[in-house]
Amino acid sequence: GLVVGLVVELVFGLVDGLVGSRLRQEDSPPRIVEHPSDLIVSKGEPATLNCKAEGRPSPTVEWYKDGERVETDKDDPRSHRMLLPSGSLFFLRIVHGRRSKPDEGSYVCVARNYLGEAVSRNASLEVACESTITYITCSYFSQSSP
């Protein structure tokens with residue numbers, strides 16, 4: 001009886017192993033494993049908003065700023081915003097003018113595969129005025145001046 005018992009256990013062990021590995025191979029919806037953090041950056045400086053997502057198949061990542069999709073170098077090779085392989089958003093330099101503030105705002109990253117999507121926490125990117133030591137944001141100055 002002992003030998004049969006061992007063989008049965010062995011077989012069940014193999015079956016368990018096969019089933020377990022098959023489950024591990026199964027596709028899974030995206031989840032965000034690294035969320036972006038709020039940033040205060042000087043105009044003209046580089047910056048990175050982090051985002052890392054897991055899922056199977058590997059999710060595609062897109063960024064949205066104030067609800068609108070962010071154009072990156074994938075859409076336009078001349079863009080100063082690059083989508084890194086990790087899913088993070090890299091700014092070659094922060095663009096900020098009196099009239100146009102294309103980089104300042106509230107960002108989320110969205111990871112998608114065919115099973116669904118995951119949305120990161122909001123991260124705000126604010127631009128500091130002329131790299132003041134105290135990092136008071138530009139919007140603060142423009143409100144307070146007459």
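Which residue is farthest from S79 (Cα to Cα), if the candidates are limited to region 16-39 and must be at pLDDT below 95 and either open to solvent by 70 Å² or more (accessible area, probe 1.4 Å) or among the basic types (K, R) (or both)? Break it down into steps so the answer makes sense when it comes.
From region 16-39, those at pLDDT below 95 are 16-26; that's our starting set.
Subset that is either open to solvent by 70 Å² or more (accessible area, probe 1.4 Å) or among the basic types (K, R) (or both): 16, 18-19, 22-26.
On the way: D16: 51, L18: 47, V19: 47, R22: 42, L23: 41, R24: 39, Q25: 37, E26: 37 Å.
Only one residue fits best here, namely D16.
Out of all the residues in region 51-65, which are farther than 12 Å from S124 by Cα and either outside any strand (DSSP E or B) or touching a residue at least 40 places away in the same chain (Cβ under 8 Å) (or both)? Let's see the steps before the verdict.
As a first pass, look at region 51-65 and keep what is farther than 12 Å from S124 by Cα: 51-63.
Scanning region 51-65 gives C51, A53, G55, R56, P57, S58, P59, T60, V61, E62, W63.
Can you run down the residue pairs with Cβ atoms below 8 Å, 6 or more apart or on separate chains, where the first is in region 66-79 and touching a residue at least 12 places away in the same chain (Cβ under 8 Å) and the partner is in a loop (DSSP other than H, G, I, E, B)?
From residues that are touching a residue at least 12 places away in the same chain (Cβ under 8 Å), the pairs are T72/S79.
Among all residue pairs at least 6 apart or on different chains, which show Cβ distances below 8 Å where the first residue, located in region 93-110, is assigned to a strand (DSSP E or B) and the second is among the aromatic types (F, W, Y) and open to solvent by less than 30 Å² (accessible area, probe 1.4 Å)?
Y107/W63; V108/W63; C109/W63; V110/W63
If I ask for residues that are open to solvent by 40 Å² or more (accessible area, probe 1.4 Å) and farther than 16 Å from M82 by Cβ, which ones from region 40-63 would you list? Walk me through it before giving the result.
First, the residues of region 40-63 that are open to solvent by 40 Å² or more (accessible area, probe 1.4 Å): 40, 43-46, 48, 50, 52, 54, 56-58, 60, 62.
Residues satisfying the conditions are I40, K43, G44, E54, R56, P57, S58.
Scan region 111-120 residue by residue and report those that are aliphatic (A, V, I, L, M) and either assigned to a strand (DSSP E or B) or open to solvent by less than 40 Å² (accessible area, probe 1.4 Å) (or both).
Within region 111-120, A111, A118, V119 meet the criteria.
Condition first: small (G, A, S) and touching a Cys at 6+ places or on another chain (Cβ under 8 Å). Can you find one or more residues in region 69-85 that meet it?
Looking through region 69-85, none of the residues is small (G, A, S) and touching a Cys at 6+ places or on another chain (Cβ under 8 Å).
The values are calculated or read from the model by the stated rules, or taken from the named source; none is laboratory data. Just so you know, these numbers come straight off a predicted model, no measurement behind them. Here the Cβ is made from the backbone with ideal geometry for all residues, glycine too, and neighbour counts use every protein chain on show. For accessibility, only protein heavy atoms count, side chains too; no ligands or nucleic acids. Shrake-Rupley method; radii C 1.70, N 1.55, O 1.52, S 1.80 Å.
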